[in-house]
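What follows is a short report on a single structure.
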Amino acid sequence: GDSVTQMEGPVTLSEEAFLTINCTYTATGYPSLFWYVQYPGEGLQLLLKATKADDKGSNKGFEATYRKETTSFHLEKGSVQVSDSAVYFCALSDLGQAGTALIFGKGTTLSVSS
Amino acid sequence: DAGVTQSPTHLIKTRGQQVTLRCSPISGHKSVSWYQQVLGQGPQFIFQYYEKEERGRGNFPDRFSARQFPNYSSELNVNALLLGDSALYLCASSPQYETVNYVGRFGPGTRLTVL
């Protein structure tokens, strides 16, 4: 079945450092890909998305490009801030028997220090 | 908008008991999905409902059931609670069923602890 694999954390960075969180996926169809963020004690928020190959999603300085050839959707940010500390989830959505269920990775914890 | 609301915020139950969690979607949204997030893991899909009908089910035992009401709110029921049911239960709403290009908005979740 469809699945998402993302790099394990925690990822610890200093403020203004460059961030990469790797995400690869397995899907039988043509999924849409997403990054969600979960701040401490809060629910999930959509960070960015891409719905077809070579699309680039971007939001709040974060970017990710849908790479069909490498089945990847890596999250990047050029200069992280302390306020970016959170758990980041890569996810895919593929119409199928389970409707439009989102399939999530296990999450990567990012901790940014000043 | 008011966003997705869930109640209660926290809940403590003992093994073998039954629990009902509630979700109110964003006004105008007709589809509700439920997810279970165990501590340290990503959310796992439980159910999707659209227009009061079940449209998708994840790999969960029959102890889990749900329904959607005419006002599109939804309840998730879990019977015969096990310790492993302790988790954050998330509800997401979206305008319609086929929403590959539109992702649901998530509520803050209900934290269930089973002792």
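The values are calculated or read from the model by the stated rules, or taken from the named source; none is laboratory data. Every value quoted in this text rests on a predicted model; they were computed, and no experiment measured them. In this analysis, Cβ positions are derived from the backbone assuming ideal geometry, glycine residues included, and neighbour counts consider all displayed protein chains. Only protein heavy atoms, including side chains, enter the accessible area calculation; ligands, DNA and RNA are left aside. Shrake-Rupley method; radii C 1.70, N 1.55, O 1.52, S 1.80 Å.
Summary table below
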| item | result |
| --- | --- |
| Candidate set: segment B:31-51, residues that are within 14 Å of the chain's Cα centre (by Cα) and assigned to a loop (DSSP other than H, G, I, E, B); chosen: the one farthest from the other protein chains (Cβ to nearest Cβ) | B:Val38 |
| Matching residues, segment B:73-96, being open to solvent by 10 Å² or more (accessible area, probe 1.4 Å), of a type in the set (A, V, I, L, M) and more than 14 Å from chain A (Cβ to nearest Cβ) | B:Ala80, B:Leu82, B:Leu83 |
| Hey, A:Lys106 assigned to a loop (DSSP other than H, G, I, E, B), within 25 Å of B:Gln96 (Cα to Cα) and out of contact with any helix residue (DSSP H, G or I) (no Cβ under 9 Å at 6 or more places or on another chain) or not | no |
| Among (1) within 17 Å of A:Leu13 (Cα to Cα); (2) within 11 Å of chain B (Cβ to nearest Cβ), the one test that A:Tyr36 misses | (1) |
| Every pair of residues 6+ apart whose Cβ atoms lie under 7 Å, when the first sits in segment B:51-72 and is within 15 Å of B:Val19 (Cβ to Cβ) while the second is surrounded by 12 or more Cβ atoms within 10 Å (Cβ to Cβ) and hydroxyl-bearing (Ser, Thr, Tyr) | B:Ala66/B:Tyr49; B:Ala66/B:Ser74; B:Arg67/B:Ser74 |
| Any hit, segment B:62-72, residues being open to solvent by less than 10 Å² (accessible area, probe 1.4 Å), in a strand (DSSP E or B), over 22 Å from A:Pro40 (Cα atoms) and touching a Gly at 6+ places or on another chain (Cβ under 7 Å) | no |
| Residue list for segment B:13-55, filter: closer than 22 Å to A:Tyr39 by Cβ, touching a Lys or Arg at 6+ places or on another chain (Cβ under 7 Å) and open to solvent by less than 50 Å² (accessible area, probe 1.4 Å) | B:Ile26, B:Gly42 |
| Test: residue in segment A:78-95 that is within 11 Å of another protein chain (Cβ to nearest Cβ), among the aromatic types (Phe, Trp, Tyr), in contact with a strand residue (DSSP E or B) (Cβ under 7 Å, 6 or more places away or on another chain) and not in a loop (DSSP other than H, G, I, E, B) | yes |
| Every pair of residues 6+ apart whose Cβ atoms lie under 7 Å, when the first sits in segment A:16-28 and is in a loop (DSSP other than H, G, I, E, B) while the second is small (Gly, Ala, Ser) | A:Glu16/A:Ser79; A:Phe18/A:Gly78 |
| Count of residues meeting criterion [crowded, with 18+ Cβ neighbours inside 10 Å and more than 10 Å from the chain's Cα centre (by Cα)] in segment A:14-56 | 9 |
| Residues (under 12 Å from B:Glu75 (Cα atoms) and either away from chain A (no Cβ under 14 Å) or at pLDDT below 95 (or both)) located in segment B:6-23 | B:Pro8, B:Val19, B:Thr20, B:Arg22 |
| Residue that is within 14 Å of another protein chain (Cβ to nearest Cβ), among the small types (Gly, Ala, Ser) and part of a strand (DSSP E or B), where the choices are A:Gly57, A:Gly9, A:Gly41 | A:Gly57 |
